[in-house]
Amino acid sequence: MSEELKQRGLEKGGEPYGPLEYLNIGATTLGALKAAKLIPPRDYTGFENRKPDALIVDQRSGKPRVVAVIEFKDNLRRDDGIAQAATVAAALGAKFAISSDTVASFWFLPAELGQYNPIRRADGTILNTPFLSPGHQDQARVDAARILVESLDERLDGDVLPERRSLNPSGLARSVWQDIYTAGNTPSPAQALSTFVEIFMFKYLSDLGILTTDDNGTEISFEAVLAKPAEQCLRYYRANVRDRIRDKFPSSQVDRTTLVNGFALNPGNSDHNYVFKSILTKFKEYELSEDGGKFIHIDKEFKSRLFEDFLKGSVGQRSLGQFFTPRRLMKGIVDMADVESLPAGSVIADPACGVGGFPLEAAARRAARLNRPEFSLSVERRREGRRTVEHPKVTSDIEYRGFDKGSDRLDENLAIILAKANFVIYQSDLLVEHPNATRAMAECFNEVFQAYTETSLGSLSEINEDAYHLVLSNPPYLNSGAGSIKDAARRAGLSYTAGGSGLEGLFVEKIVRELAPNGRAFIILPDGVFLRSADARLRAWVAERCSIDGIISLPVKTFYAVKKKTYVLCITRKSEPGAGQNHPVFAYLVGSFGESLDGMRFPTHETDMPELARLYRSFISVKGRFAEDPEAGSHLSSPKVKLIPAADVLTSGSWSVDRFWTPEEKVALGIHEELTTITEEEFFDSVRAVYVELGDLISGIDDAE
């Protein structure tokens, strides 16, 4: 290795430059760089002794690729930096070249014969952004040049830099979903959804340059798989690509899941091979379409609604409905929770996380409001024997935890698998910036999302007392069969004693016990919890330990698969159980949360969520003043809001707040009530719950005597 390389510290590569590397060459020749494997192993006859000032290279695939050649000159007009950079760039196969005097710069295409085509913006103007090398004192201009380099590398089309567009391939998603679902040996809706997500991740990771070749040099990119004949395409993918994705994103040691588990298409089925080829072709056609592009920058709306888009048709609505809280409702609740005000070290949790919406929306909200990424990459240096080894780690100053019920069969752990894929999609910008950090990304999402695979109780199998500062959750609703869950809990030595009659009651008890003192929770619950006499003891138990800050009435048909009336229960854990509540209960009637309530779930402009969030946060900011000033909330003016004295709610037989609006008021608000009905099974379950409750009371009296 040349002495020059050692002096410049280039033995192991260049200086980090976003996802690329910056090589400050100095007197190092291309021949020396080739010998050190810092540039492609090409024939450089006639150029071995050339010494460009700097190179920008991409080492992400393990094979060096030159992105740009840079020459620094005192005067762009007088010096020959353009000619030097152009010819060396052509020899290196660089994407573009730069000549800079640090005041202005000329960005142009490589050329061998002196034809220096300048790079232009989409509006036709020539790029002249100053290029400054890393380490220059003007960090803002260094960053601006780096971002431009990344943009050119990603989007340069001929000599034009197109405007950046974020992809929203919702139409593609629906089309592919139908292809998968209607393939031979029809899969379940859940399998079809999982399969689409896997193919989406394959295309996404390939476009990021993460999937190129395996350790044996076998091509595993999207383009390589697509190029295979239809009868070989799926077989090649299953044999060569899936294990590589698992290697890039190792599975959790807790639940053994990662991004790739379960696939609806079987290479042994000849029809499936052609379906798979057709699906990949659709992805490619979308990329080349007027609205398409590389799957790198994904539209935020698509990220948040990816899974919901599969429910737009009638197929699979009820089968998949268990996983989904409508995203616009979820965003509104996260807004109410004011997550951006949480101090560092706080823990946000969801004990029934489904596809991870609440933790991910909370992280996205904090990132947007604090104007910085919520997750970032840091490097831990650990001593291993005589060596110091660097371990990348994806971290956040807030801890996020999402739990769900799993199975010992990997292909049945759909919810937690989708949650992990959802994490990668939400944090796509982090992978764009650090495409080599896949293992660190996997370590993070495996810590954030975990499935309980060895018990039918799911996250109910343990109670982490006082552990969380904020809980956001939509737990499963189940009255029939809840008794068997309670029996399983007793066999496991768990003591659920709050008296809830349904499965959701056990989750309410778990959430309250897991809140730290002054911790808050926002729980979506069915009306039975607020109305049933069998749940009166649960309501009293919650009121003893928590202040009831708010009860938010949601429209009927808020959920795909649940036609019940639902509410959001907003609580704060008391520092001392039994302390009184000196402030009223904030009640709000939601008429719309931004999407239609039919099966299509179209976005609408009508939404109460911004007003609800604004008024609720304002109420929370003054709730401590009500003891001295009963008019503290007089500024909370909206016909959809009522501040109800706590005693009127907590000491009555019902926590349903709708009754505090007159029928005339509801008509004026455009809220049309539907009669609350219960099934025969639900009726007898309620009777049985009361019977059990009476039995416990009688037993207690007998014991006392």
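Just so you know, all these numbers are worked out from the coordinates, no wet-lab data involved. As the structure is a computational prediction, the values presented were derived from the model and not from experiment. Don't worry about glycine lacking a Cβ; one is built from the backbone with ideal geometry, like all the others, and counts go over all protein chains shown.
Computed quantities for the displayed model
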item: Residues with amide H under 5 Å from that of Phe593, placed H, sequence gap 5 or more; result: Asp608
item: Sparse-neighbour loop sites [trypsin sites (Lys or Arg not before Pro); the range 95-178; at most 14 other C-beta within 10 Å; DSSP]; result: Arg164, Arg165
item: DSSP bridge orientation in the range 3-161 - percent antiparallel, rounded to nearest 5; result: 75
item: For Leu167, residues with placed amide H under 5 Å, excluding near neighbours; result: His297, Ile298, Asp299
item: Relative contact order for the range 170-311, counting Cα pairs under 8 Å that sit 6 or more residues apart, in percent; result: 33
item: For the range 466-618, the spread of Cα positions along each principal axis, largest first, Å; result: 49, 37, 28
item: Whole-angstrom gap from the range 222-272 to the range 582-660, using each part's C-alpha centre; result: 49
item: For the range 206-271, Kirkwood radius (reciprocal of mean inverse C-alpha pair distance, Å); result: 12.9
item: The range 94-107 - phi-based ³J(HN,Hα) in whole Hz, Karplus 6.51/-1.76/1.60, Gly and Pro as x; result: 5, 6, 7, 9, 9, 10, 9, 10, 6, 8, 9, 9, 10, 10
item: DSSP beta bridges in the range 320-461 [antiparallel fraction, %, rounded to 5]; result: 55
item: Viscosity 0.692 mPa s, temperature 37 °C, Stokes-Einstein D of the range 3-161 from Kirkwood C-alpha radius, µm²/s; result: 210
item: Net charge of neighbours whose Cβ lies under 10 Å from the Cβ of Pro577, counting Lys and Arg as +1 and Asp and Glu as -1; result: +1
item: Protection proxy ranking, peptides 627-634, 505-512, average beta carbon neighbours within 10 Å, highest first; result: 505-512, 627-634
item: Sequence ranges 360-370, 414-424, 456-466, ranked by mean other-Cβ count within 10 angstrom, highest first; result: 414-424, 360-370, 456-466
item: Residue-by-residue Karplus 3J(HN,Hα) for the range 443-459, coefficients 6.51, -1.76, 1.60, Hz, glycine and proline x; result: 4, 5, 5, 6, 7, 5, 10, 9, 10, 8, 9, 10, 8, 6, 7, x, 5
item: Translational diffusion coefficient (Stokes-Einstein; Kirkwood radius from C-alpha pairs) of the range 121-227 at 20 °C, 1.002 mPa s, in µm²/s; result: 122
item: Long-range Cα-Cα pairs in the range 325-673 (distance over 38 Å), rounded percent; result: 18
item: Members of Lys331/Lys565; Lys51/Lys73; Lys203/Lys228; Lys564/Lys640; Lys95/Lys203 lying beyond 18 Å, as alpha-carbon distances in this model show; result: Lys331/Lys565; Lys564/Lys640; Lys95/Lys203
item: Relative contact order for the range 571-634, counting Cα pairs under 8 Å that sit 6 or more residues apart, in percent; result: 29
item: Debye equation applied to the C-alpha atoms of the range 170-311, log10 I(q)/I(0) at 0.13, 0.14, 0.19 Å⁻¹; result: -0.56, -0.65, -1.27
item: Karplus-derived HN-Hα couplings along the range 417-428 (A = 6.51, B = -1.76, C = 1.60, θ = phi - 60°), whole Hz, x at Gly and Pro; result: 5, 5, 4, 5, 5, 4, 4, 5, 5, 4, 9, 4
